[in-house]
Amino acid sequence: MRVRQLTPNLIQLTRLRFVNAFLVREEDGFTLVDTTVARSGEALIEAAEAAGAPIRRIALTHGHGDHVGSLDELRGRLNGAVEVAMPELDARIHAGEDVVDDKLPGSWPELETKPDVLLEPGDRVGSLEVIGAPGHTPGHVAFLDTRDRTLLAGDVLTTLGGVAVSSHFTLPFPIAAMATWDKERNLASARILRALEPQLLATGHGPAVRDPGKATVRAIERAHRALC
Ligand SMILES: [Zn+2]
């Protein structure tokens, strides 16, 4: 697990070189945003301990396996003493509901953990504001830290080899594009995220990008052309 302190309130945790989770510092401990792939729970807890605070809650951007992969393990290791928040629609997909007519790409592993909180746009998780950002999955959300305008964008955008919209098929990271449910909706969400004018863009895959405005605009233009 690679650990990078990005801001006083944000630590990036990277598994397998390109799968990110984040520790967001709050007064009572950390919010863990996403959990990376399976069998990462111990390393995620150790990273929080090394940073000096416990994981108090887990907030998920979406239901894909490389984001919820260690959720059950973490819930077990933390003896259930952690609140789990998941976007409402993705939680219903995990519960077996057919929330959309078409087939859902990406991996949707079975989860034992039922979320304590169902996230809707406008909700808050500590310092994070929940931003509706559907398209990559039906319920996908992003989190904006309103203290410093850090944006945790999940898989709406990727930052491996530069900022890209996940709907746009880009090397070196086509996997997020292939796992995207509705490319047009994801592009609309990318526009919503850009309009938030984040100071720091942190995504599910790739390094964080400071002052991402121009690079995001270019990525949106490329994705728009690719869809037309
Ligand atoms: Zn995903």
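Every read-out reported here was derived from the displayed coordinates using simple, explicitly stated rules and does not represent laboratory data. The model shown is predicted, which means the values in this text are computed figures rather than measured ones. Every residue, glycine as well, gets a Cβ built from its backbone with ideal geometry; the counts of neighbours run over all protein chains shown.
Below are the figures for this structure:
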| quantity | calculated |
| --- | --- |
| Arg39-Val99 pseudo-label distance in nm [points 7 Å out on the Cα-to-Cβ vector] | 3.0 |
| Antiparallel DSSP beta bridges within segment 2-227, as percent of all bridges there, nearest 5 | 70 |
| Ranking of Ile58, Ile45 by count of other Cβ atoms within 10 Å, fewest first | Ile45, Ile58 |
| Sites matching trypsin sites (Lys or Arg not before Pro) across segment 32-88 that sit in DSSP coil, with at most 15 neighbouring C-beta atoms within 10 Å | Arg39 |
| Label point distance in nm, Leu196-Arg147, each placed 7 Å from Cα along Cα→Cβ | 1.6 |
| Alpha carbon centroid spacing (whole Å) that separates segment 133-153 from segment 12-33 | 14 |
| Of Gly52, Gly154, Gly162, the one that fluctuates the most in a GNM where the chain has Cα springs shorter than 10 Å | Gly52 |
| Sorted by Cβ neighbour density within 10 Å, fewest at the top, the residues His140, His94, His67, His224 | His224, His94, His67, His140 |
| Net length gained if the chain between Arg17 and Glu112 were fully extended (0.36 nm per residue, minus Cα distance) | 31.5 nm |
| Loop sites in segment 4-62: GluC sites (Glu not before Pro), DSSP, at most 15 other Cβ within 10 Å | Glu27 |
| Cβ-derived FRET efficiency at R0 22 Å, Glu26 paired with Ala50, nearest 0.05 | 0.80 |
| Range of Cα positions in the chain per principal axis (Å), largest first | 49, 39, 32 |
